[in-house]
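Please read the structure below before turning to the comments.
Each reported figure results from applying straightforward, stated rules to the coordinates on display, with no laboratory input. Everything quoted here is computed from the prediction, not taken from an experiment.
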Amino acid sequence: MAAAKVVAAAVTAVLLVVALPPPAAHAAVYKVGDAAGWTTIGNVDYKQWAATKTFHVGDVIVFNYAPQFHNVMQVTHQDYKACNASSPIVTHTSGNDSITITKHGHHFFLCGVPGHCQSGQKVDINVRRTATTTASAMAPSPSHESVASTPAKAAASAMAPGPSSDAPAYSAPLECLFISVVTAALVASLLV
């Protein structure tokens, strides 16, 4: 009887961990274009910039730019390829836009000022599914939007070019396993 309770507690703990989204503390903040920001000056290669990053659900993408000269438009893949800014999904104009990625897949952004996209001011943020993001894929996500936007805070973390190499390396699967074991032990002790 006690063994059955322990097994039930362990199964419950594992299901709880799998159903919960990953902790927000693991989200990274990426400044598009790093020190250059979102601009047409300096020949920033945004395709190369994005290719060097590994984006995850929950990460924050920060666009810093002079709002009198640029903007940020989230667009469809077709509009991204054609540099068509006539029907954006969302337009940002603050000059310090913070966009939280809320689901997997491609997220296409461009500058809607005439000629800027054609000059290379566009970026594809691709959030791939991985084994460590399987749990977050099970969490509900908005059905019609792929990112959540809020004005960026003037925090130093928002100005960082990406995750710090000095930051501790986290392992979500190990953390989930640890939480499962501890929860199972607590539940089992309550049932005994």
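Tabulated data
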quantity	calculated
Placed amide H near residue 127: partners under 5 Å, 5+ positions off or other chain	105, 106, 107
Cross-link table 47/81; 53/81; 53/122, entries beyond 18 Å C-alpha to C-alpha	53/81
Cut-off under 5 Å, modelled amide H: who pairs with residue 90 long-range	74
